[in-house]
Amino acid sequence: MSTLEVNSIQPLSSGTTVTLGANGKTLSIPSGCTISNSGTATGFSKVLQIQTLASDSTVNTSSSSFVDAITLTGITPVAQNSKFLIELTGGYISNPNDKYMATRFQVRENSGSYATLMTGSQYAATMHGSNASYLTAPHSFSYFYTVTDTSSLTALAVNVQFASVNTSGTVSWNNAGLDSGNGDGYVLLKVIEFAA
């Protein structure tokens with residue numbers, strides 16, 4: 001094995017690209033080495049930022065029309081053409097007997113309108129229902145969002161809505177009043193930006 005020691009590798013004056021390795025070969029980075037990037041990395045999937053919003057507020061509705069529950073704004077993309085993992089966890093819903101709650105998710109790019117996330121012809125949503133006395137269940141949802149504006153995206157916002165569906169009656173988003181010992185917890189909305 002040979003060792004090449006240099007301080008800089010640059011393309012020839014007639015070229016623009018330096019190619020390392022070849023098909024079927026492996027470039028090994030030894031333990032203790034650090035790769036420092038001050039330019040633009042392409043072809044790698046890495047986390048660029050994580051934005052979160054926690055809430056222990058309770059919102060009630062008896063409407064079959066969707067109402068806002070929690071909104072995370074002020075997300076400034078680190079790069080263009082990124083992908084965003086949206087996660088909603090924790091807290092819990094509370095449905096009395098024979099009541100059903102649907103929760104759906106919306107995204108706004110720049111200063112445009114909120115667009116409801118869809119999977120085929122269905123909402124990207126969760127559904128909780130009960131035909132017994134009560135149902136309590138934590139939130140659990142994730143969606144991998146691909147932006148539509150791939151060249152001039154400067155702001156992103158995520159909105160969560162819910163509605164009372166199937167049968168009439170009041171349902172409670174993130175009911176925080178059942179445990180006097182503060183064990184209700186909170187719901188966490190998280191948006192993770194990945195490099196494309």
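Just so you know, all these numbers are worked out from the coordinates, no wet-lab data involved. None of the values given here were measured: they were computed from a predicted structure. Cβ atoms come from the backbone with ideal geometry, glycine included; neighbour counts cover every protein chain shown.
Annotations for the structure displayed:
- Environment charge at R108 (Cβ cut-off 13 Å; Lys +1, Arg +1, Asp -1, Glu -1): -3
- Less than 5 angstrom separates the built amide H of N174 from those of Y92, I93, S94, all sequence-distant by 5 or more or on a different chain.
- Among L27, L88, L72, the largest mean-square fluctuation in a Gaussian network model of the chain (Cα springs under 10 Å) belongs to L27.
- Given charges at beta-carbon only (K, R positive; D, E negative), |dipole| of the chain in Debye: 380
- For segment 92-129 versus segment 1-77, the inter-centroid distance based on Cα atoms is 29 Å.
- Phi to ³J(HN,Hα) by Karplus 6.51 cos²θ - 1.76 cosθ + 1.60 over segment 14-28, Hz, x for Gly, Pro: 8, x, 10, 10, 10, 9, 10, x, 8, 4, x, 9, 10, 9, 9
- When the charge dipole of segment 47-194 is built from unit charges on Cβ atoms (+1 for Lys and Arg, -1 for Asp and Glu) and taken about the Cα centre, the candidate among I50, V147, L88 whose Cα reaches farthest toward its positive end is V147.
- Stretching T150 away from L48 to a fully extended chain increases their span by 35.1 nm, per 0.36 nm per residue minus the current alpha-carbon distance.
- Local electrostatic count, G129, Cβ distance below 13 Å [Lys/Arg +1, Asp/Glu -1]: 0
- FRET efficiency estimate (nearest 0.05) - Cβ-Cβ, L117 to T58, R0 41 angstrom: 0.95
- Modelled spin-label separation between Y134 and Y186, with each label point placed 7 Å from Cα along the Cα-to-Cβ direction: 2.4 nm.
- Within the listed set T167, T73, T116, the residue fluctuating most in the Gaussian network model of the chain (springs between alpha-carbon atoms under 10 angstrom) is T167.
- Largest GNM mean-square fluctuation among G74, G90, G129, using the chain with Cα springs under 10 Å: G74.
- Rough spin-label spacing in nm, given labels placed 7 Å along Cα→Cβ, for N37 and A22: 2.6
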